[in-house]
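Notes follow the structure.
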Amino acid sequence: MELDNKLQDITIGLLLGDGSFEKKKDTLGIRLQIKQRSKAKEYVEWLYGQFKDYCLSEIKFREDYNQYYFSTRYLREFQNLYGLFYKEGKKIIPSNLKDLLKSPLSLAIWYMDDGSLDFRPKNHYAFYLASNCFSVGDSNELKNVLLDNFNIKSTVYNNLCRGKRYPRIYIGSEGRDNFCQTIRSHILDCFSYKLPHNT
C-alpha cells in the first residue's frame, strides 16, 4: 500500500520542517515522528487526524519539554521518501525536489512547522523559512524550487549565531504576495499569527 497524494504532500512538508523519520534496524520499516510545542496542539491534532490509520497510539504530552507528540507505526510506505530525504541517517534535500515540492499544502506545512512572519502594520511584512538543518547549497536549491514551482522569489541568508552559521530563506517584497496567496487557505487557526492581517 502506498501513501495517498495528500499524505505524501503533508509528509514532504513535514520533512522540510520539523518532522523526522526513524529507521528500524535490520528492517524495511520507517516511522514518522511529530513533535510540537503545546501552543501548536491544534496542529498536532490535525496531523494525527491525517495519519491516525497508521498509528498504534494516540497523541501524548511530555511535560518536561512542554511538547505534544506522536509517531506512526514502522511502515514500508515511507521507504521511498526516506531514501530521498536521508543520507547516512542525516536529512538532506532530494535531488528531485522540484518534482516533489509542487503542492501548496506541502509549502504550508513547511511554513507552519518552521516558518515565521516579520510584520509591522502599515509598513512592512516578510516571511522566513528556517532551513538551518540543511546546507547553504541545499537552501539555495529550495530557493530555486520556490521560484520554479510557485513563482515565489526569495533570498538565502546564512546567519551567524554563537559562532555557527544557520541558513534561512527570506521572502521579501518580490515574493511575499505569491507566498501568502499560495499557503493562506491551508494555514490552521492556531497559526493565524504567522499571516499578515492586511493582505
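Some values worked out for this structure:
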read-out	value
Residues of the range 1-56 satisfying the condition of being among the hydroxyl-bearing types (Ser, Thr, Tyr) and either in a loop (DSSP other than H, G, I, E, B) or without any contact (Cβ under 8 Å) to a residue 12 or more places away in the chain (or both)	Thr27
Top-ranked residue in the range 93-135 [being part of a loop (DSSP other than H, G, I, E, B) and of a type in the set (A, V, I, L, M); ranked as farthest from Pro167 (Cα to Cα)]	Leu101
Filter pass, Thr72 being over 20 Å from Asn144 (Cα atoms) and buried (at least 19 other Cβ atoms within 10 Å of the Cβ)	yes
Residue identified as under 21 Å from Ser185 (Cα atoms), crowded, with 17+ Cβ neighbours inside 10 Å and in the same structural domain as Ile152 (by TED's automatic domain parsing) among Phe127, Phe51	Phe127
Any chance Asp9 is modelled with pLDDT of 95 or more and surrounded by 20 or more Cβ atoms within 10 Å (Cβ to Cβ)	yes
Some residue of the range 180-199 being part of a helix (DSSP H, G or I) and either under 26 Å from Lys87 (Cβ atoms) or over 18 Å from the mean Cα position of the chain (by Cα) (or both)	no
Test for Leu188: is it more than 24 Å from Val44 (Cβ to Cβ) and of a type in the set (A, V, I, L, M, F, W, C)	no
Answer residue from the range 130-184, given it is closer than 20 Å to Leu117 by Cβ and of a type in the set (Asp, Glu) and is surrounded by the most Cβ atoms within 10 Å (Cβ to Cβ) among those	Asp177
Leading residue by the ranking (surrounded by the most Cβ atoms within 10 Å (Cβ to Cβ)) among those in the range 54-69 that are touching a helix residue (DSSP H, G or I) at 6+ places or on another chain (Cβ under 6 Å) and not aromatic (Phe, Trp, Tyr)	Ile59
Filter pass, Arg62 being more than 23 Å from Ala108 (Cα to Cα), not assigned by TED's automatic domain parsing to the domain that holds Cys133 and not β-branched (Val, Ile, Thr)	yes
Number of the exception - Pro94 against (1) buried (at least 19 other Cβ atoms within 10 Å of the Cβ); (2) within 18 Å of Tyr43 (Cβ to Cβ); (3) without any contact (Cβ under 8 Å) to a residue 40 or more places away in the chain	(2)
Residue within the range 141-154 that is outside the structural domain of Lys39 (by TED's automatic domain parsing) and either touching a His at 6+ places or on another chain (Cβ under 6 Å) or in a strand (DSSP E or B) (or both) present	no
Selection within the range 89-144 - over 13 Å from the mean Cα position of the chain (by Cα) and among the acidic types (Asp, Glu)	Asp99, Asp118, Asp138, Glu141
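The values are calculated or read from the model by the stated rules, or taken from the named source; none is laboratory data. Just so it is clear, the structure is predicted and the values come from calculations on it, not from any experiment. In this analysis, Cβ positions are derived from the backbone assuming ideal geometry, glycine residues included, and neighbour counts consider all displayed protein chains.
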